[in-house]
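Working notes, structure below.
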Amino acid sequence: MNNTHKLEGLVIPCITPFTDDLSKVDFEKFDKLVDYLIEEQCADAIIPIGTTGESTSLSHLEKELVIERAVKRANKRVPIFVGAGGANLDETISLTKYAENIGADGLLIVVPYYIRPDQECIYQFFKAVAQHTNLPIMIYNIPSRTAVNMSIDTIIKVANIDNVIGIKDCFNDITNTSEMIRICRNELKKEFSILTGEDTNIFINLCLGGNGAVAATGHVVGKKIKEMINKYKAGDIIGARKIQFDICTLQKSMFKAPNPAPIKAALDILGLNLGGKVRLPLVDINDDIKELIKSELRKFYDF
């Protein structure tokens, strides 16, 4: 993959399965999960150790092991974009270098969280990371988790860095998203992928000129999401919209508790034995949410 690669379609940020006592990553399950996301849920790319992968609950060594296993198991069937970002620059650069050396295809770098950086801080952080790798970088803007929104001006400024190729947009404001896409398309002189990270906004992203989604719910409705994207590309706008409406309530049920606990539960409800428990400070979902998820899954699965 080179820095002009256009990441688009369905990108799935994968969970990290643990052993029953939560002491280790369950790599046997992880291998099966990667195969399942590619073969059954039609992933165009996979992101390990992102938010859905419980990255903040993984040690540095565990992160490296997960990166290595994802690259090896995918075996170039789909690109692996590593969630290497964080609030610590040295840690981010270390994971970035490891990902590049092990053969990953790209990086997802989040706006530094907790420290509430201003726009110049954000730009300098991305610039520093980009200077230490040749891998393509996707910006990850998620104000609900970082406590700061990356402005459109800063997005354009960072996007002009050579190896920055796109953005995962989780600023859940349609007006802002529309303006960002308009300005990016008008001002950037290169391909720039704009993916939504809000699962219920995939159809809207496509209508506004975006390129698809980074969708955690792709673990269970990936085929439907891919079908929606393909219908839209083929000009079947009404058909694409119908799929978004059909899966919307299931997608909402997946966020009734902190991600990825509902996703892991959903995989186990389907009998796939790929989910399992989450590590503290997250906790497993309660029975009410589990029943809601079951009822939504039954609209698409027999179990």
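Suppose we filter region 165-178 for residues that are touching a Leu at 6+ places or on another chain (Cβ under 9 Å) and either farther than 23 Å from residue 253 by Cβ or part of a strand (DSSP E or B) (or both); how many remain? Give the derivation first.
To start, the set of residues in region 165-178 that are touching a Leu at 6+ places or on another chain (Cβ under 9 Å) comprises 165-169, 174, 177-178.
Now drop any that are not either farther than 23 Å from residue 253 by Cβ or part of a strand (DSSP E or B) (or both), which leaves 165-169, 177-178.
Number satisfying all stated conditions: 7.
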**Request:** Kindly provide the set of residues from region 257-283 that are open to solvent by 80 Å² or more (accessible area, probe 1.4 Å) and either among the hydrophobic types (A, V, I, L, M, F, W, C) or more than 18 Å from the chain's Cα centre (by Cα) (or both), ordered by number.
**Result:** 273, 277, 280, 281, 283
**Request:** List every residue pair whose Cβ atoms lie under 7 Å apart, where the two residues are 6 or more positions apart in sequence or sit on different chains, the first residue falls within region 141-156 and is in contact (Cβ under 8 Å) with a residue 60 or more places away in the chain, and the second residue, located anywhere, is aromatic (Phe, Trp, Tyr).
**Result:** 145/113
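For (1) in contact with a strand residue (DSSP E or B) (Cβ under 8 Å, 6 or more places away or on another chain); (2) modelled with pLDDT under 95; (3) of a type in the set (Lys, Arg); (4) farther than 18 Å from residue 54 by Cα, each residue gets a yes or a no:
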residue: 82; (1), (2), (3), (4): yes, no, no, no
residue: 86; (1), (2), (3), (4): yes, yes, no, no
residue: 114; (1), (2), (3), (4): no, yes, no, no
residue: 135; (1), (2), (3), (4): yes, no, no, yes
residue: 157; (1), (2), (3), (4): no, no, yes, yes
**Looking only at region 50-82, and only at residues there that are free of Cβ contacts under 8 Å to residues at least 40 places away in the same chain and crowded, with 22+ Cβ neighbours inside 10 Å, the one that is farthest from residue 100 (Cα to Cα)** = 55
**Prompt:** Can you find a residue in region 219-232 that is surrounded by fewer than 24 Cβ atoms within 10 Å (Cβ to Cβ), within 14 Å of the chain's Cα centre (by Cα) and over 19 Å from residue 144 (Cα atoms)?
**Reply:** yes
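Looking only at helices (runs of 4 or more DSSP H) that fall completely inside region 179-287, which ones have 3 or more residues that are among the basic types (Lys, Arg) and modelled with pLDDT of 95 or more? Write out each step before concluding.
Values: elements: 202-207, 218-233, 237-253, 261-269.
In region 179-287, 218-233, 237-253 are the helices (runs of 4 or more DSSP H) which contain 3 or more residues that are among the basic types (Lys, Arg) and modelled with pLDDT of 95 or more.
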**Request:** Please go through region 148-164 and pick out each residue that is outside any loop (DSSP other than H, G, I, E, B) and within 15 Å of residue 109 (Cβ to Cβ).
**Result:** 154, 155, 157, 158, 159, 164
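Restricting to region 109-119, name every residue that is within 18 Å of residue 167 (Cα to Cα) and either part of a helix (DSSP H, G or I) or more than 20 Å from the chain's Cα centre (by Cα) (or both). First the steps, then the outcome.
First pass over region 109-119, keeping only residues within 18 Å of residue 167 (Cα to Cα): 109-113, 119.
Across region 109-119, the qualifying residue is only 119.
The values are calculated or read from the model by the stated rules, or taken from the named source; none is laboratory data. Just so it is clear, the model here is predicted, and its values are computed rather than measured. Because the Cβ atoms are built from the backbone with ideal geometry, glycine has one as well, and the counts that use them run over all protein chains shown. Each accessible area value is taken on the protein alone, full model and side chains, heavy atoms only, with ligands, DNA and RNA left out. Shrake-Rupley method; radii C 1.70, N 1.55, O 1.52, S 1.80 Å.
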